[in-house]
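First the structure, in the form of structure tokens, and then the observations on it.
Since every read-out is calculated from the coordinates, none of them should be taken as a lab result. This one's a predicted model, so the numbers in the text were calculated from it and none came from an experiment. Note that we place each Cβ from the backbone using ideal geometry, even for glycine, and neighbour counts take in every protein chain shown.
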Amino acid sequence: MFGQYSHKIGKTDISVGLRHDEHDSYNDSTSYNIGVVWAPTAAWMIKALYGTAYRTPFASQLIEEEKADLEKINTANLKVAWQPMDRFNVSLSGFVNHISHHIKEDPYAGLSDPNHQKIYGIELEGRVVPMDSLEFSANLTALDNSGPDETYHYNDYTFIRPDGTLVKHYVDINYPFDTGPDTLVNLMAKWKPVDNIIAFCKVGYFSSIDTICPRCETSESVPGAWLVDMAFTVRNIVTPGLDVNLYLRNIMDKDYRVPGTYSTMEGEPFSVQIELKKSW
């Protein structure tokens with residue numbers, strides 16, 4: 001069951017949401033959110049949000065626990081936006097996420113001990129339109145976190161006693177909490193030379209990522225990389241509503257690595273995708 005209420009008071013918009021989930025296999029949960037948007041002038045906007053949510057348990061948690069506890073998150077976000085004209089805007093956001101009863105699952109090490117973390121982040125976004133046919137935009141995200149390391153009880157070896165009893169030996173292994181890359185950057189441009197043709201280009205960067213491998217003797221770090229993607233759209237080909245989209249990913253065919261389930265793996269190479277779409 002869920003519901004939401006919105007109300008406007010002068011230059012302020014207020015919204016409140018409430019949701020309740022009941023499930024046979026894990027604990028019930030009630031989530032809520034509240035948001036306030038204040039526009040003191042036509043050029044300025046301030047937004048404050050607070051909300052809660054949960055993640056459904058892993059399948060192995062449901063096997064090991066009669067009623068699995070839920071990983072929950074509380075999020076607070078504050079955003080300030082400035083748009084002095086239609087062709088230019090910039091915004092700065094800051095947020096804090098508090099995660100409780102956090103559990104990770106590894107294919108070999110199994111479930112980690114319950115953990116808690118605080119994640120801090122800022123986001124900077126901007127957009128400028130120098131002419132009707134051309135638009136530039138950019139965004140930057142930076143993350144940091146605080147909290148204990150992840151702890152796994154890893155079954156490193158097993159032996160059989162003379163009487164046939166199977167004995168498993170466990171060792172505790174600690175790894176830092178994985179937030180992924182702590183810095184993300186995107187620089188984008190959109191060009192529309194004529195009404196039915198749109199060209200888009202994105203130059204993106206992600207910083208280095210520490211891979212988590214509880215069964216490994218050493219951990220790896222995946223270096224950051226810059227990638228370039230492009231897309232082209234041609235609308236109303238032959239007949240109205242018939243569009244062709246062309247996507248070019250990693251056009252520089254850059255070699256880079258990303259974390260995988262069992263180890264690091266090669267990132268996606270240069271690829272081409274053609275999409276035909278018809279609207280009625």
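Restricting the range 224-267 to residues that are within 28 Å of residue 192 (Cα to Cα) and of a type in the set (Asp, Glu), which is surrounded by the fewest Cβ atoms within 10 Å (Cβ to Cβ)?
253
Is at least one residue of the range 173-186 assigned to a strand (DSSP E or B), more than 30 Å from residue 236 (Cα to Cα) and touching a residue at least 60 places away in the same chain (Cβ under 8 Å)?
Yes, the conditions are met somewhere in the range 173-186.
Would you kindly identify the strands (runs of 3 or more DSSP E) lying entirely within the range 46-165 that contain at least 2 residues that are surrounded by fewer than 14 Cβ atoms within 10 Å (Cβ to Cβ) and free of Cβ contacts under 8 Å to residues at least 12 places away in the same chain?
Where strands (runs of 3 or more DSSP E) fall fully within the range 46-165 and carry at least 2 residues being surrounded by fewer than 14 Cβ atoms within 10 Å (Cβ to Cβ) and free of Cβ contacts under 8 Å to residues at least 12 places away in the same chain, they are 150-160.
May I ask you to verify whether residue 183 is surrounded by 11 or more Cβ atoms within 10 Å (Cβ to Cβ), closer than 30 Å to residue 123 by Cβ, among the hydroxyl-bearing types (Ser, Thr, Tyr) and under 27 Å from the mean Cα position of the chain (by Cα)?
yes
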